[in-house]
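Following: one structure in structure tokens, then a few remarks.
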Amino acid sequence: MREDHQIGIVANATISMLAFVLKTYSDTWDTPIRGGMEKMTKAELIEEVAKAADCSKADAERTIAAFFELVVASTKNGGKVAWPGFGSFSATQRKARTGRNPQTGATVNVPASTAMKFSASSTLKAELNPNRK
């Protein structure tokens, strides 16, 4: 099997697992994720994914790690990782600019950099904002 195909299979499995966990458990988590409340830890995420996928925590952790490695490798090479109904990950280039040190007010040169970008799909946006049209 080609490496690209294997990576695609891992990405599909991981994103499916994460989407399922988010959709299934988002209303029942004891730990709210946004709004100044507690964040879900890595251990909690692994536990929830393992429960949702009916697999061991070790398998869930390996799958999540493989997903993140895939996203980094794909976007680093200029690619985009997308999952319909969830969103897409891509890299974006930031230009060099002049900034300011907030404590001293001194001018600082900020070099150009590459940043990760996530764009939520319209389906995910609608799910997160049910009262909005």
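Only the coordinates and a few stated rules stand behind these numbers; no lab work does. Just so you know, these numbers come straight off a predicted model, no measurement behind them. Ideal geometry is used to build each Cβ from the backbone, glycine not excepted, and the neighbour counts take in all protein chains shown.
To make sure I understand the rule: partners must be lysines, Cα under 18 Å from the Cα of K95, and not fewer than 8 residues away in the same chain. Which ones qualify? In chain and number order, the partners are K76, K117.
Fully extended, how many nm does the chain gain between S122 and N77 (0.36 nm per residue separation, minus their Cα-Cα distance)? Working shown, then result.
Numbers: separation 45, 0.36 × 45 = 16.20 nm, distance 2.58 nm.
Length gained, S122 through N77: 13.6 nm.
Less than 5 angstrom separates the built amide H of S121 from those of F86, G87, S88, all sequence-distant by 5 or more or on a different chain. Loop-located trypsin sites (Lys or Arg not before Pro) in region 54-113 (DSSP state not H, G, I, E or B) with no more than 15 neighbouring Cβ atoms inside 10 Å: K95. Mind checking which lysines have their Cα closer than 17 Å to the Cα of K133? Skip sequence neighbours fewer than 8 apart in that chain. Straight-line reach from K133, under 17 Å: K125.
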